Amino acid sequence: MNCVVCHHTVRHGLTGWHTQCPHCRYEAAALQVSINVPQAHTAIDEEAREASLKALRQANFAEIVAHARTFAPPGGRRLLDVGSAHGWLLEAATPTFDVLGIEPDATIGAKAAMRGIPVRQGYFPDALQAHEKFDVIVFNDVIEHIPDIGSALRACHERLNPGGILILNLPNSRGFFYRLSKLLVRLRRDGPFERMWQKSLPSPHLHYFDNENLTRLLADAGFSLVFSRELPALRAQG
């Protein structure tokens, strides 16, 4: 296969399902997506997962919404959260924006909708109506799960109003824990590496980027970088 960033041929990586590009350092996984497949969800304790993530996610979402307020076009109020999950980002953004979420997992999306959060079940951009456009589109730990990432980014560009912004929050292949997991694979301890790719979950990671190759991929879709920073990955609570 060819690299989605620089289009060179990728090479075999650290496992049978892992590949990496020797030119731009993009990494990919040939893992199966099984969203809404009942058997794939039986091994996941969603209540425990929600409890462990909530405090960290809510703190990060407050910062993401603050950045959205700073960089959104003047008067821009429409915000779309792709892969909105429990709806926490939508709740944080509601005081400032007119929000909409899209969630492919029917069970999780339905729970958010029951709390009065505006969430549509489906996939981006198919779940949107032809005329719908936004001032802010957010992918929080989502874009790395999308198989055809190039098409998704181009769809984002088409769905943004003039001056609109795209916010991506995703793991970095240069991060400490990911680099540590790669070292452990070489020591024949595959578990942490598989967890970093979420190999056993219904929606595994399919891509890993660093700042440079992600910026290059986004430029090909018509975007330019205006702001970047790291968010906390761990919190004592949760």
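Only the coordinates and a few stated rules stand behind these numbers; no lab work does. As the structure is a computational prediction, the values presented were derived from the model and not from experiment. Counting neighbours? That spans all protein chains shown, and the Cβs are built from the backbone with ideal geometry, glycine included.
Overview of results
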| quantity | calculated |
| --- | --- |
| Residues of type lysines that K111 reaches as a straight line, Cα spacing below 28 Å, ignoring anything fewer than 8 places off in the same chain | K54, K133, K199 |
| Residue order, fewest to most beta carbons within 10 Å, for C21, C6, C156 | C6, C21, C156 |
| Restricting region 176-238 to chymotrypsin sites (Phe, Trp or Tyr not before Pro) in coil, as DSSP defines it, with at most 15 other Cβ within 10 Å | F227 |
| Cα pair distances of the chain binned at 10 Å [whole percent] | 7, 30, 38, 21, 3, 0 |
| Helix-only mean residue ellipticity at 222 nm for the chain, each DSSP H run of n ≥ 4 adding -39500 (n - 2.57), per residue, nearest 500 | -10500 deg cm²/dmol |
| Most fluctuating residue given options S228, S84, S181, as computed from a GNM of the chain linking Cα atoms under 10 Å | S228 |
| Simple Cβ-charge dipole of the chain, Lys/Arg +1 and Asp/Glu -1, about Cα centre, in debye nearest 20 | 600 debye |
| Sequence-distant aspartates and glutamates (8 or more away, or on other chains) whose Cα lies within less than 14 Å of K182 | E27, D190, E194 |
| Trypsin sites (Lys or Arg not before Pro) within region 27-111, DSSP loop, no more than 16 other Cβ atoms inside 10 Å | R77 |
| Within a Gaussian network of the chain (alpha carbon springs, distance under 10 Å), most fluctuating of L166, L89, L218 | L218 |
| Region 46-170: translational diffusion in µm²/s, Stokes-Einstein, Kirkwood Rh over Cα pairs, 37 °C, 0.692 mPa s | 226 µm²/s |
